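The values are calculated or read from the model by the stated rules, or taken from the named source; none is laboratory data. Owing to the predicted nature of the structure, the values given are computational and were not obtained by experimental measurement. Every residue, glycine among them, receives a Cβ derived from its backbone with ideal geometry; neighbour counts consider all protein chains shown. Accessible surface areas use protein heavy atoms only, side chains included; no ligands, DNA or RNA. Shrake-Rupley method; radii C 1.70, N 1.55, O 1.52, S 1.80 Å.
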Amino acid sequence: MSQRNSYAKREAFHAGSWYSNGAVTLENELQTWLSAAKEEQSEAIGARAIIAPHAGYSYSGPTAAFAYSSIEPEKVKRVFLLGPSHHFYLENCAITGAKEYATPIGNIPVDVELSEKLHETGLFSVMSKKVDEEEHSLEMHLPYIVHIMKHHAYKLVPVLVGNLDPKAEKKFGAVFAEYLSNESNLFVISSDFCHWGARFGFQHYNKEDGEIYQSIEKLDRMGMTLIEKLDFDGFITYLRKYKNTICGRHPIGVLLAAINQCNSVKFDLKFVKYAQSSQCRSATGSSVSYASAIAVPR
């Protein structure tokens, strides 16, 4: 890893704005959302991979809990965290140069050795500290990871996923398939779903589906169904046809490619929660959709 891009700690850049920077408040919020999710679900079922949102916690925190409540932390020794790049244009994937990630409720050690191994493949670049800290898609999962993994030893492998074409998604999927087959690894895939409204440049609306928010949900669920079917090619075709603004489409694509190339283990993937930031009924309105999914070995 380039020494120029190495740094000791990634600070909790969005704490105090996107989520609470108070340890007690943050822990209480996380536990409240997890408890509410567990009331609707059975006990933890050992998800090997999850898809969960990364918006401000007041919007998406409750939805993310439905994914995190399915994890059995005693099995997990390493967490791969894959998120999209919102502010920095990237055509490959990038690892962190940090040795640890900070949160208001505790720091997470980075698996530097494995990150080096990924870098040595020649497929991964290294994030600068500025790019790393300004990207929220990774950070918004860190408090949940710390909370869930409390009292358990583990390391983190953060990966920023760039604007990959399908061939590249399959290539990175092949890299991660080896790790997905190991029950000591957990994959966290960071994604929101439809970003609807003029400010997002996306206003797909089929009046036959009812109100705007109902049309949005139908569009999202079309994509979610393809993801549940592990249909990599179908998901690509859907995105090209409808242009749905799923910001984590490339991390999701990498996960699907990894699952499809993981020959030693077969997975069932299902969505367990769906929500919207608001029920949009007017063309002047806007909303963001959030969905949580779990992938469990058969």
Quick one: how many residues across the stretch 236-259 are in contact with a Phe, Trp or Tyr (Cβ under 9 Å, 6 or more places away or on another chain) and among the hydroxyl-bearing types (S, T, Y)? 1
Which residues, counting only those in the stretch 108-142, are surrounded by fewer than 23 Cβ atoms within 10 Å (Cβ to Cβ), within 19 Å of the chain's Cα centre (by Cα) and in a loop (DSSP other than H, G, I, E, B)? D111
Could you figure out which of (1) over 22 Å from E228 (Cα atoms); (2) open to solvent by 60 Å² or more (accessible area, probe 1.4 Å) isn't true of K38? (1)
Within the set of pairs 6+ apart or on separate chains, which have a first residue in the stretch 191-206 that is in a loop (DSSP other than H, G, I, E, B), a second that is at pLDDT 95 or above and among the charged types (D, E, K, R), and C-beta atoms under 7 Å apart? F193/D220; C194/D220
Looking only at the stretch 11-22, decide whether some residue is buried (at least 17 other Cβ atoms within 10 Å of the Cβ), in contact with a helix residue (DSSP H, G or I) (Cβ under 7 Å, 6 or more places away or on another chain) and of a type in the set (D, E). no
Contact list please: Cβ distance under 9 Å, first residue in the stretch 117-131 and closer than 20 Å to A8 by Cα, second residue open to solvent by 70 Å² or more (accessible area, probe 1.4 Å) and among the basic types (K, R), pairs at least six apart or on different chains. V126/R4; S128/R4
Scanning the stretch 11-65 residue by residue, those modelled with pLDDT of 95 or more, of a type in the set (S, T, Y) and not in a helix (DSSP H, G or I) turn out to be S17, Y19, S20
Could you check, for the stretch 283-293, whether at least one of its residues is in contact with a Lys or Arg (Cβ under 7 Å, 6 or more places away or on another chain), open to solvent by 10 Å² or more (accessible area, probe 1.4 Å) and in contact (Cβ under 8 Å) with a residue 40 or more places away in the chain? yes
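For (1) among the acidic types (D, E); (2) under 20 Å from the mean Cα position of the chain (by Cα), each residue gets a yes or a no:
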| site | (1), (2) |
| --- | --- |
| I212 | no, no |
| E217 | yes, yes |
| R221 | no, yes |
| Y242 | no, no |
| I252 | no, yes |
| C262 | no, yes |
| K270 | no, yes |
| C280 | no, no |
| R298 | no, no |
Could you check R240 against (1) of a type in the set (D, E, K, R); (2) surrounded by 18 or more Cβ atoms within 10 Å (Cβ to Cβ); (3) assigned to a helix (DSSP H, G or I) and say which number it fails? (2)
Sole miss for F80 among (1) touching a residue at least 40 places away in the same chain (Cβ under 8 Å); (2) of a type in the set (F, W, Y); (3) open to solvent by 10 Å² or more (accessible area, probe 1.4 Å) is condition (3)
